[in-house]
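The values are calculated or read from the model by the stated rules, or taken from the named source; none is laboratory data. Since we're looking at a predicted model, the values are computed, not measured. Here the Cβ positions follow ideal geometry from the backbone for every residue, glycine too, while neighbour counts run over all protein chains shown.
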Amino acid sequence: MKMKQKNTSSIIAIILVTITLVMVIAPFIWLIYSSLKTNKEFMASVWKLPAAPQWENFKKAWGGGSLGTYTINSLIVTAVSVFLTVIISTLAGYAMWIFKLKKWMNKIQLFLVITMTIPAYASLVPLVETLRAMSLLDTLTGVILPTVAFNTPMSIFIMRSTFFTLPFEVIEAARFDGASEPVIFTKIAVPLVRPAMFTTAIINMIWVWNDFLFPLVFINNPNLKTLPVGLKDFVGEHVTNYPVMMAAILIASMGAFVIYSIFQKQVIGGLTGGAVKG
Amino acid sequence: MATIQIQMKKKRVRRENQTALTYLAPALIFLIVFMVYPLIYSGILSFFKWTGVSAKVFIGFENFQRLFTDNYFWRALVNNISVAVSALIFQVFIALVIAFVLVRVMDKVSKVYLFIFLIPMVVSEICIGLLWGFIYNPYFGLINAALRGLGLESLAIGWLGESATAFPAVINAMNFTYLGLYVLLFVNSIQDVPEDIFDAAKIDGAGGIRTFFNVVIPVIRESIGSTMLLAVISSFKTFSLVFVLTNGGPNHRSEVLSTYLYKMGFNSFQMGYASTIGFVQMLLMALAGFIVLYSTSRKNKELA
């Protein structure tokens, strides 16, 4: 039984929460309708709705810069990073489950927890040097590999916690039947955790798509910039037409928002499971 | 007979360890190459003067000495601590209240609310930062337009350009951005509280506010603890919003460790000094983590 009868204090509480909610969403609503104004309208009043929606702004934003190139780069970086991270973390999560009785597994777990607290910027200088030594600086691969490394610990914990919900007898039965380790992993374990792999993939998609620091520091070539970095350049170059800038921001936020709207359950599961990522 | 069994067991253990390591190898290789090795390397670079292209010159503890007398470093560190304190009050605590209202007071519509609260978490921080930049804009920003509308023209200032308001303005943007994550985490933990605990509170005649303080907070205190820890860790990782909104300005007022390190390393090419900032920051985090782990493990022992 939940508290069904609404007394005064619950009504006040609901109103306060709703005000906070409006304050969280209002900037986005303002962004959306402002992006449809003419620059003149915007300068005249920042509040008013557009007289007629200027869809032109989106064409200008898309055609006026290199948002297309940035989007393709972001797609490549995201696709490859997510693919690698899901495979690596599924393998590791499986090992942590199957061999949970091994004492050294606790040390691996502690190691993973520690790596999660390392801020990406703390080792930025040596990372650049490492990438330069591998001739990966200013390449998309150079962005992808460290991104995978930094997203792996959280992803492993999402996979690991899912493996731990499975009955261990499944594996024992397969072993008893004489199935080899690789067969047990690919034919029995992986199908059972496919939903968690999907959750890991979706949350990594959002993390990588939005990632800013690594592409900012590792990429110099304007043709290799990813969307968040390119967007910042774009906005810096188009300071005269505000609604077009806002249209560009909207275009850049769209991808992650659409993924979130469709796969809300997975995003929420991923945010909960990998909460330490920040 | 026994020795053969022991030998067989040893052999099996070794084979199992090998299999386990094979599965863990890809993860460990990535983590060692791109996290552990750079961190150690950063410790080594802390003892060198280096522009990134010139030869590295060993200078002993000079970088550390400079760091401890560097006012901007201390201000950045204090600012990071302020971010953490503000996150605990305005993100974690408010999220706890909101989550309680969502789960216990308005159960039906709460899904829509949660969806909206999480939007800033899934949109890139660069978009959020640029958007807040517009909101704070002195000429056509939302805040100043509202102030002018209320006849408070004199209060309409360049929020991000003034040394008194720049950092609070950045912190305010952070609070709105990350609030949703903590709401989500607390919604999960309050939903896990068994219903009969709430029934018992009701029989005792506890109202909403008493239920919140005397039932919810004690029951989910572990989750509150880990969420607070998460908020503090995230506060020390913060970069993008500050970078886009103020880049640490004006005159380092809103500097945090990450933006300061970035400036030292990649704007003024003092790679050795930048490494020192990162390395000391890691040492401080490790120390803080050790204190937290130590105190919680002691508390657990006392409870047991």
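General remarks:
- A Cβ distance below 8 Å, combined with a sequence gap of six or more or placement on separate chains, defines the contacts here; from the range A:172-189, residues that are on the phi < 0 side of the Ramachandran plot reach residues that are in a helix (DSSP H, G or I) and among the charged types (D, E, K, R) in the pairs A:179/A:187; A:184/A:175.
- Spans of helices (runs of 4 or more DSSP H) in the range B:1-92 with at least 3 residues outside the structural domain of residue B:229 (by TED's automatic domain parsing) and at pLDDT 95 or above: B:2-31
- Pick from the range A:173-217, criterion facing another protein chain (nearest Cβ under 10 Å) and charged (D, E, K, R), ranking: surrounded by the most Cβ atoms within 10 Å (Cβ to Cβ): A:211
- Restricting attention to the range A:91-127, the residues being under 22 Å from residue A:188 (Cα atoms), facing chain B (nearest Cβ under 8 Å), of a type in the set (Phe, Trp, Tyr) and buried (at least 20 other Cβ atoms within 10 Å of the Cβ) number 1.
- Some residue of the range A:75-83 being more than 19 Å from residue A:225 (Cβ to Cβ) and modelled with pLDDT of 95 or more: yes
- Near pairs, Cβ below 6 angstrom, 6+ apart or cross-chain, from the range A:259-270 (under 10 Å from residue B:122 (Cα atoms) and facing chain B (nearest Cβ under 10 Å)) to any residue that is aromatic (Phe, Trp, Tyr) and surrounded by 18 or more Cβ atoms within 10 Å (Cβ to Cβ): A:267/A:260
- Check on residue A:52, touching a Leu at 6+ places or on another chain (Cβ under 6 Å), without any contact (Cβ under 8 Å) to a residue 12 or more places away in the chain and aliphatic (A, V, I, L, M): no
- For the range B:1-22, a tally of residues being of a type outside the set (D, E, K, R) and over 20 Å from residue A:91 (Cα atoms) returns 8.
- Yes/no for residue A:220 being out of contact with any Lys or Arg (no Cβ under 6 Å at 6 or more places or on another chain) and more than 8 Å from chain B (Cβ to nearest Cβ): yes
- Top-ranked residue in the range A:128-149 [being facing chain B (nearest Cβ under 7 Å) and modelled with pLDDT of 95 or more; ranked as surrounded by the fewest Cβ atoms within 10 Å (Cβ to Cβ)]: A:145
- If you go through the range A:207-236 and keep only what is assigned to a loop (DSSP other than H, G, I, E, B) and free of Cβ contacts under 8 Å to residues at least 40 places away in the same chain, you end up with just A:212.
- Entry remark, the range B:183-212: residues being part of a helix (DSSP H, G or I) and either among the acidic types (Asp, Glu) or on the phi > 0 side of the Ramachandran plot (or both) number 3 in total.
- Test result for residue A:88, within 7 Å of chain B (Cβ to nearest Cβ), more than 30 Å from residue A:221 (Cβ to Cβ) and buried (at least 16 other Cβ atoms within 10 Å of the Cβ): no
- Cβ-Cβ under 8 Å pairs, at least 6 apart or on other chains, the range B:229-252 side under 18 Å from residue A:236 (Cβ atoms), far side in a helix (DSSP H, G or I) and of a type in the set (Asp, Glu): B:240/B:125; B:241/B:125; B:244/B:125
- Exclusive hit being over 28 Å from residue A:125 (Cα atoms), modelled with pLDDT of 90 or more and out of contact with any strand residue (DSSP E or B) (no Cβ under 6 Å at 6 or more places or on another chain), set A:244, A:208: A:244
- Test: residue B:159 is touching a residue at least 12 places away in the same chain (Cβ under 8 Å), within 30 Å of residue A:214 (Cβ to Cβ) and assigned to a loop (DSSP other than H, G, I, E, B): yes
- Residue within the range A:157-171 that is surrounded by 21 or more Cβ atoms within 10 Å (Cβ to Cβ) and without any contact (Cβ under 8 Å) to a residue 40 or more places away in the chain present: no
Each row is one residue, and each column tells you yes or no for (1) without any contact (Cβ under 8 Å) to a residue 60 or more places away in the chain; (2) assigned by TED's automatic domain parsing to the domain that holds residue A:232; (3) acidic (Asp, Glu).
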| site | (1), (2), (3) |
| --- | --- |
| A:38 | no, no, no |
| A:48 | yes, no, no |
| A:77 | no, yes, no |
| A:99 | yes, yes, no |
| A:107 | yes, yes, no |
